[in-house]
1. Need at least 1 residues that are in contact with an Asp or Glu (Cβ under 6 Å, 6 or more places away or on another chain), buried (at least 21 other Cβ atoms within 10 Å of the Cβ) and touching a residue at least 24 places away in the same chain (Cβ under 8 Å) per element, so show me which strands (runs of 3 or more DSSP E) inside the range 92-152 make the cut, counting only ones lying wholly within it.
2. Which residues, counting only those in the range 77-91, are assigned to a loop (DSSP other than H, G, I, E, B) and of a type outside the set (A, V, I, L, M)?
3. Spot the failing condition for GLU26; the list is (1) assigned to a helix (DSSP H, G or I); (2) among the charged types (D, E, K, R); (3) modelled with pLDDT of 95 or more, and only one is missed.
4. Looking at the range 67-79, can you tell me whether even one residue there is among the hydroxyl-bearing types (Ser, Thr, Tyr), at pLDDT 95 or above and closer than 30 Å to TRP182 by Cα?
5. Sort out for me the strands (runs of 3 or more DSSP E) sitting completely within the range 181-288 that have 3 or more residues that are buried (at least 18 other Cβ atoms within 10 Å of the Cβ) and modelled with pLDDT of 95 or more.
6. Taking into account only those residues within the range 139-169 that are within 10 Å of the chain's Cα centre (by Cα) and not β-branched (Val, Ile, Thr), which is nearest to GLN219 (Cα to Cα)?
Amino acid sequence: MKRRKLISVILLLSIFIVSTINVHAEAKLEHKPEDIEELSIIKDEDHDSYDKIIVDKNSDDADYKSIQEAIYGTSSGSTIYVKEGSYSEIIHIYKKINLIGENKEKTFINPESKKNSYAVKITAAGVKLSGFSISNDGPGLYTTGVKITASQTTIEDCNVFDTPVGIAIWSSYNTISNSTFWGCEDEGIVFLGSSTSECNNNLVTNCEFYNNCDGIELQYSSNNVISYCEFYDNTHAGIDAIGSFNNNNVISNCDLYDNEVFGIYFSRSSENQITQCMISNNQIMMSSSKDNTIDNCELESIYLRDATLNIKDCENFEQSKIKAVNSVYEIDNEENAYAATISEKVENAKEIYYNKFVSIFSFLNVIKSRIKNYLGM
């Protein structure tokens, strides 16, 4: 009997303790502070639910003073907010996080990396990077601002400048938007596919490229969209497709002007579409490229070499604005229609030398793409 009474007492005490804990917990929830969003981190391992984490190199009250330390200290699904300042650290984003700068004009990621290395590397799918100015003072021809090897990366509202390669992308299904690229000695953005690795279905939109060598370069990269971008004063080309298998890309609603050599250059690229673009004081060059289409564009001149091209509804564009060697093209405007097959050799000495230059240039571009893939940037 005594044992039964003892068990009953223990049960009653347990019920009382549990009830008291629940009452206190409910009271705490009822008095949740309004600024709960400012808490540095609330972990939920089952649901990847976290509040924002603050990085401020100039404040002892921040959660972290280093961006990389913040990445180490959090888990997938978090948002890291970086206060204004200059962060000269190499950053590796290997978790699915949002990394947000306070002000892209005043929040800098600007390290000095090793030769041909990166300032920021993204190796986790689903990362968002926004609100930074990014450069890299490291040595090497292919030193990079941002290297992306994971898919579904989003980069928006960034400045990328003063590094040989602004953003190098080795993966598919990424988006870059509302960003500006300048002072990139090689490319603002380069899509680096290969014969064994896809770099397809990427989107670049509402971006500006100036004073680079190339604004965007494609290598073995297909089914991409480049839209509503501006390319000007680049020392080589606005958009440069080299190597092979740059197919089924769409360039739409872009302005390309005053680039020193080409507005758009396609080498061994097929079934691409250039639509509703303004291309002025620039030439379009297509070499060993088949079945590409230009429609509803403002154009000045086109050079074709071993290429086929369909030109549709480009107002005021005439056959006299095309130079072609061993090529087939059609012009279909409301005003007139024209089709031509050009197979004769060009007798003009100047153009003979130009054709030789194009052949050498195409060969060098192939070598360049192979070097980049070998180095791994």
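The values are calculated or read from the model by the stated rules, or taken from the named source; none is laboratory data. Remember, predicted model here, so these are calculated numbers, not experimental data. FYI the Cβ positions are ideal-geometry reconstructions off the backbone, even for glycines, and counts take in every protein chain you see.
1. Passing ranges, in order: 107-109.
2. Scanning the range 77-91 gives GLY77, SER78, LYS83, GLU84, SER88, GLU89.
3. (3)
4. Scanning the range 67-79, I find at least one residue that is among the hydroxyl-bearing types (Ser, Thr, Tyr), at pLDDT 95 or above and closer than 30 Å to TRP182 by Cα, so the answer is yes.
5. 187-192, 214-219, 237-242, 262-267, 283-287
6. ALA168
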